[in-house]
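Shown next, in structure tokens, is the structure this report addresses.
The values are calculated or read from the model by the stated rules, or taken from the named source; none is laboratory data. Here the structure is a predicted model, which is why all the values come from computation and not from measurement. Note that we place each Cβ from the backbone using ideal geometry, even for glycine, and neighbour counts take in every protein chain shown.
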Amino acid sequence: MGATLDAFATWLHATAVSDAIRSSPWLWPWCEITHFVGLSLLVGVVGFFDLRLLGLFRRVPLNAAWSLMPWGKLGFAMAAVTGVTFFIGAPEQYINNVAFYGKLAFLLIAGLNAIAFEFFYGAAVKASTAVDATSPVYRAIAIVSIVSWFFVIYWGRMLPFIGNAF
Amino acid sequence: MELLASIEGSEFASWLRESGSIWAYPAVLTLHTLGLGVLVGASTVIDLRLLGAAPHMPLEPLRRLFPIMWTGFWVNAISGVLLFITDATTKGTTMVFMAKLAIIAVAVIVLALIKRSVFGREPVASATPTTVKTLAAVSLALWLAALITGRYMAYV
């Protein structure tokens, strides 16, 4: 497993696209900026919706809070595309980094939680025009979302300190 | 300059910078990132609404985002001071850092103006006039500029 991953990282590092990402002086900093803009959009929009599910901002109907979600998804896409760019540019600093796997694990939880919520409750939420509406299931989903996105950010921040990524 | 050097050389600043403890520099940087997400994110929610996204969202309840934003602001003011003292001689003499502080100062003023004009004492109108839309657009542009200059600080 470890040797296979190392071989993959070595191969990826040697590709032309990886080399291009590393050799541009401005691409990495602009990807960092875009990563943080995406983080802010995600935290703002998804965090607001989660707080609404928890019962704050009760006078905002669920469908109205949900209507900002395309912006949250845009934020996720910005962070995801730039994150993949970092990985392609310097796979060796992530592949043996425990913080990277911590981040991936919580990304998986946050992602599955969000997909399951939209799949099972998306239609109900889009039709929910009443104020005050929430439920124990919604609250549980909101708590999983907040906790898992918190740890995505925590492990992301730890990348340079626990695993020496830049 | 001597003052900056003595701040940077202080025992506390050295501990933050060099102890290697997960509770020193990494924890402060994590708080700074979380505070950023909360402040800029919540402000963005209001700005997007004012610019016409989510037109069915009632504005008045969003008033309660302000205490959340001030919390994010103070978390970042305090964690920002801690980050500054670990590298005071460099940060304290860098134009980009001064620009970042100025941008954030203006962004906070714009936030206060939005609060006064949209969430003031008069009942909140659901339609937003051009001046409010302008404030919202300026707010978004300032947060973007703050993020750009903030990220740039990692390279000086």
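Quick notes on this one:
- Of all residues in segment B:10-27, those that are within 14 Å of another protein chain (Cβ to nearest Cβ) have Cβ atoms under 9 Å from Cβ atoms of residues that are outside any helix (DSSP H, G or I) and among the acidic types (Asp, Glu), 6 or more apart or on another chain, in B:17/B:87.
- Residues being closer than 18 Å to residue B:94 by Cβ and assigned to a loop (DSSP other than H, G, I, E, B) - total across segment B:1-24: 1
- Qualifying residue in segment A:97-104 (condition: touching a Ser or Thr at 6+ places or on another chain (Cβ under 8 Å) and within 27 Å of residue A:14 (Cα to Cα)): no
- Those residues of segment A:125-163 which are among the basic types (Lys, Arg) and away from chain B (no Cβ under 13 Å), in sequence order: A:139
- In summary, residue B:79 fulfils each of the numbered conditions (1) hydroxyl-bearing (Ser, Thr, Tyr); (2) touching a His at 6+ places or on another chain (Cβ under 7 Å); (3) outside any helix (DSSP H, G or I) with the single exception of condition (3).
- Number of residues in segment B:28-49 that are more than 7 Å from chain A (Cβ to nearest Cβ) and either over 20 Å from residue A:57 (Cβ atoms) or out of contact with any helix residue (DSSP H, G or I) (no Cβ under 9 Å at 6 or more places or on another chain) (or both) equals 4.
- Index of the failed condition, residue B:54 passing every other in (1) buried (at least 17 other Cβ atoms within 10 Å of the Cβ); (2) within 22 Å of the chain's Cα centre (by Cα): (2)
Okay, residues lined up against (1) at pLDDT below 95; (2) touching a Lys or Arg at 6+ places or on another chain (Cβ under 9 Å):
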position	(1), (2)
B:21	yes, no
B:26	yes, yes
B:35	no, no
B:55	yes, yes
B:59	yes, yes
B:66	no, yes
B:81	no, no
B:87	yes, yes
B:93	yes, no
